[in-house]
1. Please count how many residues of the stretch 289-317 are closer than 24 Å to residue 347 by Cα and of a type in the set (D, E, K, R).
2. Is there a residue being out of contact with any His (no Cβ under 8 Å at 6 or more places or on another chain), within 30 Å of residue 132 (Cα to Cα) and surrounded by fewer than 19 Cβ atoms within 10 Å (Cβ to Cβ) anywhere in the stretch 215-226?
3. I'm trying to understand the selection: among the residues of the stretch 75-113, which are under 30 Å from residue 403 (Cα atoms), away from the ligand (no atom under 11 Å from the Cβ) and either free of Cβ contacts under 8 Å to residues at least 24 places away in the same chain or assigned to a strand (DSSP E or B) (or both)?
4. Output the number of residues of the stretch 172-191 satisfying the condition of being assigned to a loop (DSSP other than H, G, I, E, B), modelled with pLDDT of 95 or more and within 16 Å of the ligand (Cβ to nearest atom).
5. Which one of the conditions (1) on the phi > 0 side of the Ramachandran plot; (2) over 21 Å from the mean Cα position of the chain (by Cα); (3) surrounded by 15 or more Cβ atoms within 10 Å (Cβ to Cβ) does residue 104 fail to meet, given that it meets all the rest?
6. Considering only the stretch 307-354, state which residues are of a type in the set (S, T, N, Q) and either without any contact (Cβ under 8 Å) to a residue 40 or more places away in the chain or within 16 Å of the ligand (Cβ to nearest atom) (or both).
7. Residues in the stretch 160-180: is at least one crowded, with 19+ Cβ neighbours inside 10 Å and of a type in the set (Val, Ile, Thr)?
8. Please find, within the stretch 109-138, the residue that is surrounded by the fewest Cβ atoms within 10 Å (Cβ to Cβ) out of those that are of a type in the set (A, V, I, L, M) and over 24 Å from residue 244 (Cβ atoms).
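The values are calculated or read from the model by the stated rules, or taken from the named source; none is laboratory data. Everything numeric in this text was worked out from a predicted model, so none of it was measured. Don't worry about glycine lacking a Cβ; one is built from the backbone with ideal geometry, like all the others, and counts go over all protein chains shown.
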Amino acid sequence: MTGAEWSQWTRDQAARIRRTPETVTPVIEPPEVDPASDVHVWDTWLLRDRHGQVATVDGWRVLFSLTAPADLLPGKRHDVAEIRYFYSRDGREWHNGGVVFEEGALGQRQWAGSAVYLDGDLYLYYTAAGDGDAEELTYSQRIAVAHGGTVETSTEGVHIAGPFRHEVLLEPDGEFYEREDQSRGMIYTFRDPWFFIDPATGETTLLFEANVPVPEGSDACGGDPHQQEFNGCVGHAVSPEGDPLAWDLRPPILDSVCVNQELERPHVVVAGGRYYLFVSSHMHTFAPGLEGYDALYGFVADSLRGAYRPLNGSGLVVTNPANAPFQAYSWMAFPHRDEVLVQSFFNYYDFAGQSLDEIADLPVFEQRRRFGGTLGPTVRLGVAGEETRIRGTLAHWHIPTAEETLPAPEHSGVTPAMLAAADGPDVDVRTRWSRTY
Ligand code: FRU
């Protein structure tokens, strides 16, 4: 591929999405202990080091979550999201460190991001959502960073202290990445920055969720104007000098035009020398004529820019059971020894409606009762070549330490069929020039 091409999740591939024993998690029960019952907790990311491993600072590990007061109606939480942090020594018992940006941050509210600890310096990438000076709620999104704060540790815990310096790093260019005024879809996206240093090239990278501009009248999706509204992509920026504060936009690395409108929280795990690209997406963001689930979807390539092939033929990697289709969301995979683990948040359980939108039709009491608002069980994933398989689950909030040996999994990670497929022929990958639309 040349620099101006990227991979595509095609309708043919997505049409193969089916729940299978390898991709469906067990039903989730509420956790026995909730380390932050006074707040809703949803999108979560771990403090990582430059190698992409979970960072340990003086024996502590730290995670960051979007949060909102627990007395708020869960559906309203996105409008007031604030980032809090949690810390743990053993990866099981987590303590609430409180709000990270006590002095405020960019945007009306802060959405998902990533966090990296580089030679003792903390960089918190986040989405500045909404215009900070607007009276009413707005949906603009910019990719921002906070830096200059400190991570203080003691035998008692971790204290993240400001003041932070906040900077907008990236805004959509309108060419590779849709601006809000170009958007024709159900929701506009330019968010969820995820920091990554490519181990093969040493290049410093941000991935993010965005949409590709598809002008009215273009011939994308056979000219079908409704399908064209489904134009998600995984965005890409690089820092040529490796400076965590200076970024140049690059073309996307994958798009889902005619397939899906939101490829949320993109991130990569390198395993066996391959690049596993993961995104979360919703049942209701698939284009007409396609049926998908609230799920973690994934793709594999031999280098960061691709070409990417969908995992398991369709892209489906982890989903909820059919009788609890919205019980978890916003999955994030990370390496643990020779396994891949996946954390997510416990979303609406005890609910098997046709769409998440139906939640709003329930009485307020029921909307609250059915919302988990905390982390879900950690999923163990076997990964080989282009195949994955759920091997079992760990407890809610369990992020094992590097030294921790996990029990024998319920399912072996790699089946002979998966290994055979690992070296098998590539499935059809379409790439195309950036300005086709
Ligand atoms: C996924 C998500 C993210 C966004 C956040 C806002 O759960 O949609 O893309 O940053 O939720 O609450």
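1. Number of matching residues: 2.
2. yes
3. Result: 84, 85, 86, 87, 88, 95, 96, 97, 98, 99.
4. 4
5. The number of the failed condition is (3).
6. Matches in the stretch 307-354: 319, 320, 327, 330, 343, 344, 347, 354.
7. Yes, the conditions are met somewhere in the stretch 160-180.
8. 134
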